[in-house]
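None of the figures in this text is laboratory data; all of them are computed from the coordinates on show. Every value quoted in this text rests on a predicted model; they were computed, and no experiment measured them. With ideal geometry, Cβ positions are generated from the backbone for all residues, glycine too; neighbour counts draw on all protein chains shown.
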Amino acid sequence: MWLILFLLLLPSATFAQESTDSATIPTITADSSSISATATPKDSSPPPPYLQYQQDYIYQYDLYQQAYLKYIDKRDVYTKYGTITTQKEKFTAAIDAINARNLTLRTYLTALRTMLDEYQSANPTATESDKIELSKWEAWFEEQLIIVPAINNQIDLTRWIDSFKEKYLIIQKVIYTALVQHEVNLRTTTLNLLHQTADEIRSNPNLQPENQNWLNTLTIKSDLVSSSLNAALAYTTKKQSTNKFTNFYPSAKTDLTNANNYLREISADLKLTIIKFIKK
């Protein structure tokens with residue numbers, strides 16, 4: 001237990017819009033984040049289930065990119081020629097791209113919800129609440145996979161796009177709240193394991209009483225970890241604008257990084273105590 005490793009790849013969603021007269025297609029990109037205390041390469045446990053869902057997301061995102069590029073091509077052809085045929089082709093390509101986008105987002109939400117399982121025990125109630133919200137939007141996107149292909153005119157498509165823009169403001173908040181909660185859970189689990197390690201060190205008969213000054217540092221840095229995690233979570237509860245999403249994840253990430261740095265310091269302190277003060 002004195003050697004701990006947590007390495008996690010987090011996909012996150014970023015919203016970039018191209019406004020057209022027929023479709024608005026958001027782009028999803030990947031963001032990586034890792035946390036590690038003192039590392040050990042020895043881990044024979046099976047990969048977490050969410051990794052398969054993450055691969056599904058990557059596959060669907062690739063299909064979405066292809067559909068989006070096809071839409072761009074058909075849009076440009078229509079702009080050039082302006083015929084009824086090219087207009088219909090552009091409309092069909094827009095429907096296909098939106099549907100591919102919706103499937104990609106649904107797959108992403110499934111991966112994110114499943115990822116929350118891994119460290120849910122650190123904050124079970126809050127995490128379950130996030131999972132419920134993600135499930136609701138998964139179901140909504142599942143419905144849209146049937147609804148959108150049934151749209152056969154520009155007016156109804158424009159209405160759907162306008163409605164989606166409003167809903168996506170909420171969806172983004174749900175996504176980033178879940179991402180922050182997951183990272184908080186991860187760091188809370190790390191902190192708990194480090195405390196268990198400290199308890200083992202305390203009970204070691206080879207540790208001399210005069211060499212337990214590190215306990216004061218552990219308490220102080222543990223409080224700093226908790227404060228940073230609470231600060232990160234506070235961003236998720238701030239009220240959003242009704243017409244524009246303010247991405248709070250970068251600000252929360254700063255506090256999460258601070259917590260991670262304190263965890264590294266605690267881990268280093270424990271290692272030093274083991275090496276320096278425990279007699280063989």
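Couplings 3J(HN,Hα) of the range 265-270, computed from phi: 5, 4, 4, 5, 4, 5 Hz, in residue order, whole Hz [Karplus 6.51 cos²θ - 1.76 cosθ + 1.60, θ = phi - 60°; x for Gly and Pro].
Diffusion coefficient of the range 48-150 by Stokes-Einstein, Kirkwood radius over Cα pairs, 37 °C, 0.692 mPa s: 215 µm²/s. For the range 122-134, 3J(HN,Hα) computed residue by residue from phi via the Karplus equation (6.51, -1.76, 1.60; θ = phi - 60°) reads 5, 9, x, 5, 4, 5, 5, 4, 4, 5, 5, 5, 4 Hz, glycine and proline entered as x. Once all Cα-Cα distances of the range 160-280 are split into 10 Å bins that start at 0, what whole-number percent is in each one? Result returned by the calculation: 13, 34, 22, 15, 9, 5, 2, 0. Taking a straight Cα-Cα cut-off under 21 Å and skipping sequence neighbours fewer than 8 places away in the same chain, the lysines within cross-link reach of LYS173 are LYS131, LYS136, LYS165, LYS238, LYS239, LYS244, LYS253. What the phi angles of the range 141-155 give under the Karplus curve with 6.51, -1.76 and 1.60, with θ = phi - 60°, is a coupling list of 5, 4, 5, 5, 5, 9, 5, 4, x, 7, 6, 10, 8, 5, 4 Hz, glycine and proline written as x.
Each residue of the range 226-280 gets 57 Å³ once the volume of the Cα convex hull is shared out per residue. From most to least packed by mean Cβ count within 10 Å, the peptides 193-206, 99-112, 223-236, 258-271 give 99-112, 258-271, 223-236, 193-206. Summary value for the range 88-220: 32 percent relative contact order, contacts being C-alpha pairs under 8 angstrom separated by 6+ residues. Of the two radii for the range 106-186, the radius of gyration is 1.10 times the Kirkwood radius, both from the alpha carbons; that is the Rg over Rh value.
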